[in-house]
1. Given the options 26, 16, 247, state which has the largest fluctuation in a GNM of the chain using a 10 Å cut-off (strictly under) for Cα springs.
2. Which of the peptides 193-199, 18-24 is most tightly packed, and how do the rest follow, judged by the mean count of other Cβ atoms within 10 Å per residue?
3. Based on the mean of other beta carbon atoms within 10 Å per residue, what is the order of 91-100, 291-300, 131-140, most packed first?
4. Just to be sure I understand the model, the point goes 7 Å from the Cα along the line to the Cβ. What's the resulting residue 162 to residue 88 distance in nm?
5. Would you calculate a helix-derived [θ] at 222 nm for the chain, using -39,500 (n - 2.57) for each DSSP H run of n ≥ 4 and dividing by the full residue count, to the nearest 500?
6. Please give the helix 199-235 orientation as an angle from the longest Cα principal axis of the chain, in degrees from 0 to 90, rounded to the nearest 10.
7. Mind sorting 6, 119 by how few other Cβ atoms lie within 10 Å of their own Cβ, fewest first?
8. For the range 95-169 and the range 41-67, what is the centre-to-centre distance using only Cα atoms, to the nearest Å?
């Protein structure tokens, strides 16, 4: 089975278009329509949306194919139409890998902020001033880690090139001399042709796994504790406006978690792990290519449509195409007015 280059290009172009469109709209809504109670959470959301657009741009530049074959997983880039040097192409694919390392830490930091906001113990001060810069740096370090693994551990080498040569030709119609790649070959043959575990690749896999497991664990723990805080908030004497805003932000965050779990963590986790245990997922790994590209485009949608202020403002952007204001919109505006009066 061969992945169509035309289909892959269509996917990348569509993802880039919608990622730029939706994230730009969301940034506009965050800046102009955010409730005052959101505080520095606005900065985190803008940071996330800006990164999502950057992610989509780099993904379009690289236009990668992600695949698993036997004891090897890899991300490969065609250099047929690449106008620059091979080294610059290798840098581009490693930067895209680095983007993958940024995402899980961004999500985890969102969960930490939401828990601190619900906890009401004054810990949100750690998300202001110089502390906010610290939170911004953490995802960058996660990205540097993945870039480092791609650049130093997963670069082109003779054994890996020969091992994936035929599958790259069969599946993508590419010859190895017109590609660059980032690949982990777990069991390369020794001098006698006997497969042996490459310990440097195994160690890099452990580092990769920790960099995904740590933020994922933070999300789960903070999410469970936040759910408990939300229940108490709804049961006790907070104003309706505060309850509604906190609940909506929490719902948006939960949905924004399911998206990366199913579009990012699970497919990449399966791709990384299967070759280590001699599981050849073959053509199923095609899905990873598409999900990896789709994620930046769909990530802004939950908060755009779950948070009432953003949802109504989004509808207003298209009011010029309507003859009348939707009833749901009128009702929501009335609700917002009553709740703001109650604060």
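1. Its mean-square fluctuation being the largest, the pick is 247.
2. 18-24, 193-199
3. 291-300, 91-100, 131-140
4. Once both label points are built, they end up 3.3 nm from each other.
5. -23500 deg cm²/dmol
6. The angle comes out near 10 degrees.
7. Ordered from fewest to most neighbouring Cβ atoms within 10 Å, 6, 119 come out as 6, 119.
8. What the calculation gives is 12 Å, centre to centre.
A short reminder: the numbers here are calculations on the coordinates, not readings from a lab. These figures come from a predicted structure and were not determined experimentally. All Cβ positions, even for glycine, are placed from backbone atoms using ideal geometry, and neighbour counts span all protein chains on display.
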